[in-house]
Amino acid sequence: MHVETHGRASLRAFLRAFHQYKNNKMKTTIGGYHGRLLRVNLSEHSYKTEEIDNKLILDYIGGRGLGSKILFDETPSNVEPLGPENKLIFATGPLTGINAPTTSRFAVVTKSPLSGTIGGSSSGGHFGVNLKSTGYDILVIEGKSKSPCYLCVTEDKVEIRDAKGLWGKKTDETTDIILSQTDPKAGVASIGPAGENKLLIASIMNEKNHAAGRSGLGAVMGSKNLKAVAVYGNKKISNINKTVVDNAVKQWRTFVGESPLTKDVLKEYGTPALVKVINHYGAFPTNNFQEGVFVDAESISGETFKELYFVKRQPCDGCPIACARVTATPEREGKGPEFETIWSYGALCGINNLEKIIHANYNSNNYGYDTISAGSTIACAMELSEKGYLTEETNKLIRKGLGRDLKFGDEEAIVVFTDLIGKGEGFGKELGMGARWLAEKYGHPELAMHVKGLELPAYDPRGFHGMSISLATNNRGGCHLRSYLVSTEALATPFAVNRFESKGKPGLTKLYQDLTSTVDSMVACVFTQFALNPDHYALLLGSVLGIKMDGNALLKTGERIYTLERLFNLREGIAPGEDTLPKRLLEEPFKSGLSKGFKIEFDTLLAEYYKIRKWTKEGIPTQEKLAELGLIEEGKFL
């Protein structure tokens with residue numbers, strides 16, 4: 001830097017300029033980031049901008065990881081999930097906005113009202129890119145507004161606007177109104193009536209049909225009287241070595257474009273392609289996990305779905321996979337359903353009418369709640385009803401809404417009750433609280449198919465034994481997306497393993513958990529794991545951040561993130577004893593199908609998993625492991 005000086009005033013100006021230059025050099029923003037966090041206090045209707053510590057980015061990357069660290073540091077222990085002290089964190093990652101495949105996503109992190117665990121989800125569409133284009137990387141929302149409001153963030157201003165006129169409206173109508181009030185190209189994340197009513201299975205919906213779906217995030221947003229967040233701007237990421245990054249992106253595109261699953265299957269049929277595959281293995285949970293084979297799987301398969309209801313593909317921003325579908329029935333049009341939704345409203349409830357399933361999905365998106373949790377809770381209610389465990393008063397409520405008693409295979413029930421859940425009316429209000437709550441109320445908690453309060457997905461662990469330990473130890477509960485061992489046990493990607501073999505599964509689970517922690521933190525789509533390995537991720541991430549990184553370093557970062565989440569759960573009273581599965585799955589082998597007779601060696605798997613993680617026999621991270629990961633301070637409460 002060269003400055004000519006003339007006299008004392010010029011000298012003072014020079015010194016100010018020099019110190020500013022020096023400070024700017026010392027505060028160089030790490031690659032892929034603007035380096036800015038927006039903190040909004042709804043109680044005070046105020047906001048402020050903060051710098052993001054580069055060390056936090058290097059230790060936790062962004063997205064899920066950085067959101068989890070902020071939540072851990074800034075919330076008191078045993079914080080009430082629906083209280084004003086809980087925080088709702090929207091976080092992009094270093095790959096957001098650099099035009100890499102599948103990286104338009106964003107993460108939402110909070111304490112879950114459904115499970116009490118660390119809660120979080122990621123979502124696609126274009127909201128993540130819109131948020132990054134405002135010049136902010138992370139949005140932290142705290143407190144509670146006195147009245148309904150929505151947040152509008154651009155690169156020039158932050159506004160907390162009145163939303164009384166939007167309260168009670170569904171997510172599609174809410175989105176249209178906010179777009180008309182802001183910018184037609186804005187990203188809008190909103191809640192529907194389910195979130196307003198603080199139903200524990202409520203989601204946050206962006207672009208109407210994309211969901212940050214699991215953990216009850218919408219209820220937290222509703223508890224803050226926050227109807228929506230609208231974001232748009234034109235800020236670009238400029239602090240990257242474009243040549244180096246473009247070469248790494250090219251490698252990603254090549255591998256994603258050549259993998260059979262990402263190149264062909266998901267593009268052709270979307271996620272519903274899995275229906276026939278999982279059913280073939282005899283591990284497609286049917287009638288609330290009482291069976292593993294659905295005899296009418298063809299009726300709800302990806303092939304049938306494409307033939308009868310497919311309109312067009314609608315990819316997330318910049319995604320070459322394009323797994324999402326616009327669909328239509330003679331009565332309605334919307335997006336989806338995905339595989340998990342077809343299963344939860346279909347086989348899990350004993351229903352083979354795909355059109356009814358699609359309508360139930362549309363209801364769920366418009367009202368704003370999680371389809372996996374909703375379908376699982378309805379299936380639980382069906383079993384409670386068939387076994388005579390519901391009270392007569394409750395049966396009257398059901399008959400009032402449905403016109404008859406509830407049972408498996410009642411295709412009208414999923415349409416009726418997905419409407420009532422959204423409205424928070426009648427028996428729908430109870431269904432909106434989740435399967436664990438419902439089963440415990442009626443004295444039969446064993447009929448709720450969940451882990452740590454979060455309902456299980458469409459892969460019965462009796463047919464995929466690696467998934468048993470993956471689901472049981474997941475930090476947010478019964479979720480498949482944090483360690484998708486189905487890729488090896490069912491899809492032979494990137495290699496095939498014996499699905500009934502226990503040996504090696506705990507180590508494979510840890511590998512996938514640590515890897516997915518980093519993928520979620522970048523923020524990239526989990527489907528890239530069908531095509532990429534840790535070194536591929538490390539090459540692009542290191543190129544963007546401007547550091548040298550290999551696959552081992554990447555996995556160590558993922559292990560730090562996963563362990564921090566474990567510490568959060570332990571601090572919040574989630575006991576290691578909750579690392580288990582429903583009794584039915586552990587004690588009742590299937591009686592038919594290709595998974596018939598196999599029993600999970602669960603205790604052996606869990607003990608080996610704890611050993612590999614260097615946790616105690618009770619499932620507590622050791623001081624040695626915490627020191628290795630730089631988490632001694634975070635683990636002081638142990």
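Readers should treat all values here as calculations from the given coordinates under stated rules, not as data from a laboratory. Here the structure is a predicted model, which is why all the values come from computation and not from measurement. Every residue, glycine as well, gets a Cβ built from its backbone with ideal geometry; the counts of neighbours run over all protein chains shown.
Applying 0.36 nm per residue to the separation of SER77 and GLU298 and subtracting their alpha-carbon distance, the gain on full extension is 74.7 nm. Rounded to the nearest 0.05, what FRET efficiency is calculated for PHE637 and LEU308 with R0 set to 51 Å and r the Cβ-Cβ distance? Result of the calculation: an efficiency of 0.40.
Counting only cysteine Cβ atoms and a cutoff under 4.7 Å, the chain contains unmatched residues CYS149, CYS152, CYS323, CYS349, CYS380, CYS479, CYS525. Considering helices alone, the calculated mean residue ellipticity of the chain at 222 nm is -12500 deg cm²/dmol, with DSSP H runs of length four and up weighted by -39500 (n - 2.57) and normalised per residue.
Between rounded, prolate and oblate, where does the range 528-634 land on the alpha carbon gyration tensor, with a ≥ b ≥ c its root eigenvalues, rounded for a/c under 1.5, else prolate if a/b exceeds b/c? Oblate.
Packing order of peptides 448-460, 598-610, 363-375, highest average first: 363-375, 448-460, 598-610 (average count of other Cβ atoms within 10 Å over each peptide's residues).
Using the Cβ-Cβ distance between HIS45 and ASP176 with R0 set to 30 Å, the FRET efficiency from 1/(1 + (r/R0)^6) comes to roughly 0.75. Summarising the strand pairing of the chain, around 80 percent of its internal DSSP beta bridges are antiparallel. Only Cα pairs under 8 Å and 6+ residues apart enter the sum, and on that basis the relative contact order of the range 176-264 stands at 24 percent.
Peptides 479-489, 301-311, 56-66, 195-205 ordered by packing proxy, namely the average of other Cβ atoms within 10 Å per residue, highest first: 195-205, 56-66, 479-489, 301-311.
Positive contributions from Lys and Arg (+1) and negative ones from Asp and Glu (-1), summed over other residues with Cβ under 12 Å from the Cβ of HIS536, come out at 0. Here the dipole of the chain is about 1700 debye; that uses its Cα centre as origin and unit charges on the Cβ of Lys and Arg (positive) and Asp and Glu (negative). Bridgeable aspartates and glutamates around LYS185 (alpha carbons under 20 Å apart, same-chain partners fewer than 8 residues away excluded): ASP137, GLU155, ASP156, GLU159, ASP172, GLU173, ASP176, GLU207, ASP317.
The relative contact order of the chain comes to 15 percent, based on Cα pairs under 8 Å that sit 6 or more residues apart. On a 0 to 90° scale, report how tilted helix 63-74 is relative to the longest principal axis of the chain, with both axes built from alpha carbons and the result rounded to the nearest 10. Its long axis makes an angle of about 80 degrees. Structure note, pairs LYS111/LYS335; LYS69/LYS625; LYS306/LYS423; LYS111/LYS611: Cα-Cα distances above 24 angstrom occur for LYS111/LYS335; LYS306/LYS423; LYS111/LYS611. Looking at [x] 28.7, 82; [y] 24.2, 93; [z] 24.4, 80, which value of Rg and Dmax of the Cα atoms in Å comes from a calculation on the structure shown? Only one option fits the structure, namely [y].
Taking 20 Å as the cut-off, the amide N atoms of the range 81-114 that come nearer than this to a point 7 Å along the Cα-to-beta-carbon line of LYS146 belong to 83-85.
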